[in-house]
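The values are calculated or read from the model by the stated rules, or taken from the named source; none is laboratory data. All values derive from a computational prediction rather than experimental measurement. Note: ideal-geometry Cβ built from the backbone for every residue, glycine included; neighbour counts use all protein chains shown. Each accessible area value is taken on the protein alone, full model and side chains, heavy atoms only, with ligands, DNA and RNA left out. Shrake-Rupley method; radii C 1.70, N 1.55, O 1.52, S 1.80 Å.
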Amino acid sequence: MIIASGVFFVTIIKTPTSIVKQFNLEKFLPYCLKCSNCQICPVTDFSEDYTPTESFVYDIISSEDPLGNVNLWKCVSCHYCQDVCPFGLSPHNLFMEIKAASYSEGKSPSAVTSLIKSIVTTGRGFGVSTRTDKMREKLGLSPLTSNGAKDVLKLSEITGATKHIIIEKEEEQ
Amino acid sequence: MTKPNLLFTGCLIEVNYPYLEKLANDLLPKIGLGISDRIEFMCCPEPISFRGATDYSWLVLAARNLCLAEQKGANIISLCNGCENTLAQANIMLQNDPELLEKVNRDLAEIGFNYKGTVKTRHFLQAIYEEVGLEKLKSFVTRPLSFLKGASHAGCHLLNPADILKFDDPLDPVVLDELMDALGIEVIDYEGKTLCCGVSLATADDREGSINALKTKLLATQKYDADCLIVGCPFCFKQYDVGQRLNRKRLDEVEPTPVYYYLQLLGLAMGLPFEETSISTHKIKSQAHMALFKGEEA
Ligand code: SF4
Ligand code: SF4
């Protein structure tokens, strides 16, 4: 089926105006004509569920539930789409905005939530085990501490990163 | 007066690959990039999911790390593409936008910090390329690794956004190739140099996509007869090395391909004993390479 760009406009405009407004899509609409340069996106090559039929913007926005669209979080922020867009649009930046909304509505994948929780509570994306301690000791490297973790948690709290996760406070006190 | 450099290892290296931290500490000063005593940074933080979910907190936590370097009057040399990607982007945002800097500083004041914007951050490959330079780098090579046919993988987050990372042409990268050539490595030019490693797809619950990315890359390098992949990012390293082991059954058309982090090869080319590279701890090992790495010691 050949879809003329006019139809594309109509379809996009048919999406809830709140979405168009929420993500400032007005700036995309006059330009983003499925030129498909942004099909350079690596995720389109590798991910079987992520096969845009039109442009990225179209596919995410026109889905039933843009914020809950699992494909959204597959964007690896490589920025290639931004490099190649002849109109200087950035699907990446748009995806970032939608990711933020997705996260704040509790619609992000559980691995994302765990990563955020790990960073805000321990200061690191990965847990430190005795294996780490042993490896570092053997190499003559200083042991890892969590001295900065308190500050990281404080900054995360005041800037809102912890709003959507449950943090168990230490029992002893 | 040149500023001292602090090493920004990132979580993955300090926790899982501390031998790369050790190599950086030992080797970089030998080629003229002095490294000050370790200070403890916290997660950069992660530029994809963490930033996507919570952009402003990402910026403030990155600013906290930049402050730690500024307090020491130092610049940063990072060992991970993800860390450099975060630090470079956050730094530029803060340096170019006084209002944003002021807002961030109001939050940082809660922990007694303030960022002025004086820190320079570089990925170690960039620091070697720009500050040491290819000619001087070659002068440190005592054992050229001419038996390696290496395929470079610079990685998306070191290349993009190019106007901020300023490392190389993201559509046709050559800097890592030149750095490999300086060590005597035969550089394999192949189609697929800019393919994403795919490690982050797993965070979006897309394990299949992640395996496809791994496989596509390895088939590409294999087609051009590369006998190893060479990276400068611990996440790409983990994806290619551990990924090949974990997904062995799914990769039957693929020759197991060893993966080396650039500093390991720099060390070998400078005469470092094989044992000190920790290459023997990799999941994918080439006996032929290991014999040559050791053999040339004698
Ligand atoms: S490259 Fe730009 S204009 Fe073309 S489809 Fe992608 S975002 Fe739209
Ligand atoms: S930044 Fe995201 S949407 Fe753009 S090319 Fe990379 S993975 Fe695709």
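Of the residues that make up the stretch A:122-141, is at least one farther than 30 Å from B:Thr277 by Cα, modelled with pLDDT of 90 or more and assigned to a helix (DSSP H, G or I)?
The answer is no; no qualifying residue exists.
Taking A:Gly148 as meeting all but one of (1) open to solvent by 30 Å² or more (accessible area, probe 1.4 Å); (2) at pLDDT 90 or above, write down the number of the exception.
Failed condition: (1).
Is it fair to say A:Glu105 is away from ligand 2 (no atom under 13 Å from the Cβ) and within 30 Å of B:Asp37 (Cα to Cα)?
On the way: away from ligand 2 (no atom under 13 Å from the Cβ): yes; within 30 Å of B:Asp37 (Cα to Cα): no.
Here the answer is no, as A:Glu105 does not meet what is asked.
Having 1 or more residues that are closer than 30 Å to B:Met270 by Cα, open to solvent by 10 Å² or more (accessible area, probe 1.4 Å) and in contact (Cβ under 8 Å) with a residue 24 or more places away in the chain is the bar; report the helices (runs of 4 or more DSSP H) wholly within the stretch B:6-79 that clear it. Working first, answer last.
On the way: elements: B:11-16, B:18-30, B:49-53, B:55-71.
Because the criterion is at least 1 residues that are closer than 30 Å to B:Met270 by Cα, open to solvent by 10 Å² or more (accessible area, probe 1.4 Å) and in contact (Cβ under 8 Å) with a residue 24 or more places away in the chain, the helices (runs of 4 or more DSSP H) in the stretch B:6-79 that meet it are B:11-16, B:18-30.
Residue by residue, here is whether (1) within 16 Å of ligand 1 (Cβ to nearest atom); (2) open to solvent by 60 Å² or more (accessible area, probe 1.4 Å); (3) among the β-branched types (Val, Ile, Thr) holds:
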{"position": "A:Cys75", "(1), (2), (3)": "yes, no, no"}
{"position": "A:His79", "(1), (2), (3)": "yes, no, no"}
{"position": "A:Ser90", "(1), (2), (3)": "yes, no, no"}
{"position": "A:Tyr103", "(1), (2), (3)": "no, no, no"}
{"position": "A:Ser110", "(1), (2), (3)": "no, yes, no"}
{"position": "A:Thr113", "(1), (2), (3)": "no, no, yes"}
{"position": "A:Gly123", "(1), (2), (3)": "no, no, no"}
{"position": "A:Asp133", "(1), (2), (3)": "no, yes, no"}
{"position": "A:Leu139", "(1), (2), (3)": "no, no, no"}
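Output the helices (runs of 4 or more DSSP H) that fall wholly within the stretch B:81-169 and possess 1 or more residues being more than 14 Å from every other protein chain (Cβ to nearest Cβ) and surrounded by fewer than 20 Cβ atoms within 10 Å (Cβ to Cβ), or say none. Don't jump to the end; show me each part of the working.
Values: elements: B:81-96, B:98-108, B:124-127, B:134-139, B:156-159, B:162-165.
Passing ranges, in order: B:81-96, B:98-108, B:134-139.
Scan the stretch A:14-71 residue by residue and report those that are of a type in the set (Val, Ile, Thr), within 11 Å of ligand 1 (Cβ to nearest atom) and at pLDDT below 75. Give the steps one after another, and end with the answer.
The initial filter retains those residues of the stretch A:14-71 that are of a type in the set (Val, Ile, Thr), namely A:15, A:17, A:19-20, A:40, A:43-44, A:51, A:53, A:57, A:60-61, A:70.
Still in the list and also within 11 Å of ligand 1 (Cβ to nearest atom): A:40, A:57.
Answer for the stretch A:14-71, where residues must be of a type in the set (Val, Ile, Thr), within 11 Å of ligand 1 (Cβ to nearest atom) and at pLDDT below 75: just A:Val57.
Looking at the stretch B:170-197 only, could you name the residues that are within 13 Å of another protein chain (Cβ to nearest Cβ) and under 26 Å from B:Leu266 (Cβ atoms)?
Those that are within 13 Å of another protein chain (Cβ to nearest Cβ) and under 26 Å from B:Leu266 (Cβ atoms): B:Pro170, B:Asp172, B:Pro173, B:Gly192, B:Lys193, B:Thr194, B:Leu195, B:Cys196, B:Cys197.
For the stretch B:16-37, state whether one or more residues are within 7 Å of chain A (Cβ to nearest Cβ) and of a type in the set (Asp, Glu).
Checking the stretch B:16-37: at least one residue is within 7 Å of chain A (Cβ to nearest Cβ) and of a type in the set (Asp, Glu).
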